[in-house]
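Accompanying notes for the structure given below.
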Amino acid sequence: CCNLLFEELFNENSDLGFIKNITKNLFPLCTSADPVIARASLDCLSTLAQISDKIQQLYAPLISLIIDILCANINRLLTEQKQTKKGEVNESLVADHFYCLLDWLMCNSSHIMNNKNVASKLFDAIEQGLLGQTFDANVNANEKPRR
């Protein structure tokens, strides 16, 4: 899958529809119950970060979509764990998502930080990972966050 994406991205006549479809098919695999599949999908997305300049030239919204999906997955995984009250969270899967986010941030921080919506989702995911909750900006600053 990753090889197909690279070939298509560097093809003179890149098919954006094909690139979008392959990438979107990767997203659900990032949270697969099979850890090998989840890791391979996240590794593919991390590898794509290395050519984020090329992706930005061809289809910049894909970068925002990747960041959005990674952040949503982190939030969903941590929220599901909290709601089930089992205390069981696949820590390595969450960590792999954070490492993938870090790869994207290191390779394309300007695009991510200049997009308020994407940056906000990134910070929410980090906050959720660190605190186990997201901060509500509407809460009085003197109140302590609920856990």
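The values are calculated or read from the model by the stated rules, or taken from the named source; none is laboratory data. Just so it is clear, the model here is predicted, and its values are computed rather than measured. Here the Cβ is made from the backbone with ideal geometry for all residues, glycine too, and neighbour counts use every protein chain on show. Accessible surface is based on the protein model in full, side chains and every heavy atom, while ligands, DNA and RNA are left aside. Shrake-Rupley method; radii C 1.70, N 1.55, O 1.52, S 1.80 Å.
Give me a comma-separated list of calculated 3J(HN,Hα) values for segment 30-40, in order, Karplus coefficients 6.51, -1.76, 1.60 applied at θ = phi - 60°, integers in Hz, x for any Gly or Pro.
Going residue by residue, I get 5, 10, 4, 5, 7, x, 5, 5, 4, 5, 5 Hz, with x marking Gly and Pro.
How high is the relative contact order of segment 1-128, in percent, counting Cα pairs under 8 Å that sit 6 or more residues apart?
27 percent
Could you report the accessible area of CYS1 in Å², rounded to 10, computed with a 1.4 Å probe on the protein chains as they sit in the structure?
80 Å²
Taking only Cα atoms, what is the 0 to 90° angle, nearest 10, from helix 116-131's long axis to the longest principal axis of the chain?
With rounding to tens, the tilt is 50 degrees.
If you roll a 1.4 Å probe over segment 1-128 with all protein chains in place, what percent of the accessible area is carbon or sulfur?
Here it works out to 52 percent.
Around PHE18, under 13 Å between beta carbons, what's the net of Lys plus Arg minus Asp minus Glu among the other residues? Could the numbers behind the result be given before it?
Values: positive: LYS20, LYS24; negative: GLU7, GLU8, ASP15.
With Lys, Arg at +1 and Asp, Glu at -1, the net is -1.
Sort 108-114, 73-79 by the packing proxy (mean of other Cβ within 10 Å over each peptide's residues), most packed first. Display every interim value, and only then the final one.
Values: 108-114: 14.1, 73-79: 18.6.
Listed from highest to lowest mean packing, they are 73-79, 108-114.
Which Cys in the chain stand alone, with every other cysteine's Cβ at 4.7 Å or more from theirs?
Among the cysteines of the chain, those whose Cβ sits 4.7 Å or more from every other are CYS1, CYS30, CYS71, CYS100, CYS107.
Among [x] 23.8, 101; [y] 16.5, 57; [z] 24.0, 70, only one was calculated for this model; which label is it, if the read-out is Rg and Dmax of the Cα atoms in Å?
After the calculation, the listed value that fits is [y].
How far apart, in nm, are the 7 Å Cα→Cβ label points at MET106 and CYS1?
Once both label points are built, they end up 2.3 nm from each other.
Excluding residues on the same chain fewer than 8 positions from LYS82, give the lysines whose Cα lies under 24 Å from its Cα.
LYS121, LYS144
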